[in-house]
Amino acid sequence: MGNLISTILKEKCPFCEKGNVFKKVSFLHLPEMNEQCPVCKRDFTGEPGYYFGAMYVSYGIAVITAISAFLICRFIFGIKSVNITIASCIISIILISFKNFRWSRIIWLKIFPPGANTNFSNKQLK
Ligand SMILES: [Zn+2]
């Protein structure tokens, strides 16, 4: 489990834990995914709309981030102000959103590997 978390944090392929999931782009560009793992060649593309589900994972990460920010404000810094607490929840979600986009897709890949049991190609319909 700890290994899986470090794989996700390092943005490595969730199957072989070696290849990079995302292409190296400069900080300001939108992250671009590799079409397959450069090491184990697992498919990262999936069927159209495959990464729609990663949105739910992303939402979960945002909620966990906000709860963590709240707990840190309240119990570590002892902040009682509701406004400051809400502001720090929002700021922490914005700060983590760059990483959240990447992490949620890697977690989604791990939960539902593309093509495993979801072959919707025309071959099956014939
Ligand atoms: Zn791989």
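Throughout, read-outs are computed from the coordinates displayed, never taken from laboratory work. These numbers come from a predicted model, not from an experiment. As a convention, Cβ positions derive from the backbone with ideal geometry for all residues, glycine included, and neighbour counts pool all protein chains shown.
Data for the structure
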{"read-out": "Residue satisfying all of: in segment 5-55; exposed (fewer than 12 other Cβ atoms within 10 Å of the Cβ) and among the aromatic types (Phe, Trp, Tyr); farthest from the ligand (Cβ to nearest atom) among these", "value": "Phe27"}
{"read-out": "Helices (runs of 4 or more DSSP H) (entirely within segment 17-126) containing at least 1 residues that are basic (Lys, Arg) and touching a residue at least 24 places away in the same chain (Cβ under 8 Å)", "value": "82-111"}
{"read-out": "Enumeration of residues in segment 56-92 that are more than 30 Å from Phe112 (Cα to Cα) and either exposed (fewer than 12 other Cβ atoms within 10 Å of the Cβ) or hydroxyl-bearing (Ser, Thr, Tyr) (or both)", "value": "Leu71, Phe75, Ile76, Phe77, Gly78, Lys80, Ser81, Val82, Asn83, Thr85, Ser88, Ile91"}
